Amino acid sequence: MRAFSGIQPTGIIHIGNYFGAIKQWIDLQQKFECFFCIVNQHAITIPQNPKALKKNTIDLATLYLACGLNPEISTIFIQSEIKQHTELTWILNTITKISELERMTQFKEKAKQHRKNVNVGLFDYPVLMAADILLYKTDVVPVGEDQKQHVEITRTLARRFNKIYGQTFKIPEVLIKKESARIMGLDNPFKKMSKSAKSPLNYIALDDSPELIFEKIQKAVTDSGKEIVYNPQKKPAIANLLTIFSLITGKSIKEIEKEFQGKGYSEFKQKLAYEIIEFLSPIQAKKRDLQKNEKYVFQVLEIGKEKAKIIAKETMNRVNEKIGLI
Ligand code: AQP
């Protein structure tokens, strides 16, 4: 059984990305043959500084390793190093309906955010993602909830291709962890935590310093009243902070509610900031260590590229043959 997933190297990786994606990946490594990609071609659908993109790509690979992805059992690689991702995208484009892509929530949101640069790549993002997934004969795609719609279109395209050209692709399943499916913004509990948020007060980045984490949690919006209780309808901000507390500490929400019974928001926030700092500290230390040994990170990526290439080539040859492309 194979798992595939990826993150865009756009500079900031936040705790939403960690709990929605990376944490799941770490656990899956024992059960699945895993492919973890740094999706730099997805990243350029929004303008990127070339120097920063290169740096962020290596930085994300380093972070993957610091978080606990194990290159001995998993394949870690850079999307642009495997040419078949864009090759398969072209083929899938020919069976994708424009109306299907127009329905994609992420496209609609990003198009609003980047009114002056609604490029074809941004529109085609889900097809590139479908190619990523289908190239590796993926069984499961562990992602946060915001990516569910993209996995669904991947399934549609795989079925459609199989119907037109004969059995070729596996139909992948989306894998979403209920508790961490959608971490909300610290400054707005009605929208998901997002690296492209206007204010850095929206997220806790895995690289944030203890001082910054403390400040961001202190400034996180709260709800009226003062009880620490989980009620997403009436107290969405506190519910989100409780979810983060629970994910960080491994304690159940009930346990945390009990711990803070009769205590106020201020005490709860102080403890939460402390727990986040404690949690991120070993990841940050490991990342600093790995940064001193960049050669090792490049080696991991080189091995990953070679492993990914074998499967990608094999799938692409099969696809071209089915279609009649010489
Ligand atoms: N708030 C979130 N809660 C849970 N999971 C999340 N993911 C993203 N935000 C949350 C998951 O993280 C992975 C990284 O995906 P990406 O790099 O493609 O980024 P994204 O989905 O576009 O979301 P970001 O990181 O916040 O960026 P922007 O600001 O561009 O939307 C995916 O598995 C995603 O589900």
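The values are calculated or read from the model by the stated rules, or taken from the named source; none is laboratory data. Source: prediction; values computed, not measured. Cβ placement follows ideal geometry from the backbone for every residue including glycine, while neighbour counts extend to all protein chains displayed. SASA here: full protein model, heavy atoms, side chains in, ligands and nucleic acids out. Shrake-Rupley method; radii C 1.70, N 1.55, O 1.52, S 1.80 Å.
Some points to look at:
- Percent of Cα pairs in segment 192-269 per distance bin of 5 Å, from zero to the largest separation: 3, 15, 24, 26, 19, 10, 2, 0.
- At an R0 of 51 angstrom, the distance between the Cβ atoms of Ile73 and Ser266 translates into a FRET efficiency of 0.70.
- Distance in nm between pseudo-label sites at Lys178 and Lys234 (7 Å out along the Cβ direction from Cα): 2.2
- Here the Gaussian network model covers the chain, with springs between Cα atoms less than 10 Å apart; of Pro142, Pro210, Pro172, Pro210 fluctuates the most.
- Each Lys and Arg adds +1 at its Cβ and each Asp and Glu adds -1 at its Cβ; summed about the Cα centre, segment 24-115 shows a dipole of about 520 debye.
- Whole-Å semi-axes of the ellipsoid equivalent to segment 86-211 (Cα gyration tensor, √5λ, descending): 30, 18, 12
- Förster-model FRET efficiency, 30 Å R0, Asn93 and Asp207, C-beta, rounded to 0.05: 0.25
- Relative contact order for the chain: 22 percent, from Cα pairs under 8 Å spaced at least 6 residues apart, divided by residue count.
- Translational diffusion of segment 120-159 was estimated from the Stokes-Einstein equation, with Rh taken as the Kirkwood radius over Cα pairs; at 37 °C and 0.692 mPa s the coefficient is 317 µm²/s.
- Cα→Cβ-extended label distance, 7 Å offset, between Gln30 and Arg288, nm: 3.0
- Cleavage-rule hits, GluC sites (Glu not before Pro), segment 128-176, DSSP coil, Cβ neighbours within 10 Å at most 16: none
- Protein heavy-atom surface of the chain, 1.4 angstrom probe: 54% of the accessible area is carbon and sulfur, with nucleic acids and ligands not counted.
- Note on the chain: with a GNM built from Cα contacts shorter than 10 Å, the maximum mean-square fluctuation among Ser224, Ser281, Ser266 falls on Ser224.
- With the simple model of a label 7 Å out from the Cα in the direction of the Cβ, Lys198 to Asn162 spans 4.5 nm.
- Calculated from the alpha-carbon coordinates, the chain shows an Rg and a Dmax of 20.6, 72 Å respectively.
- Gaussian network model of the chain, Cα within-10 Å springs - most flexible of Lys163, Lys54, Lys287: Lys163
- Average accessible surface area per residue within the chain, 1.4 Å rolling probe, Å²: 49
- Only helices enter the 222 nm calculation for the chain: every DSSP H run of n ≥ 4 contributes -39,500 (n - 2.57), and dividing by all residues gives -17000 deg cm²/dmol, rounded to 500.
- Amide H contacts of Asn231: Ala239, each under 5 Å away and 5 or more positions distant or on a separate chain (H built 1.01 Å from N in the peptide plane; Pro and chain starts excluded).
- Quotient of C-alpha Rg and 2.2 N^0.38 Å, computed over segment 152-308: 1.37
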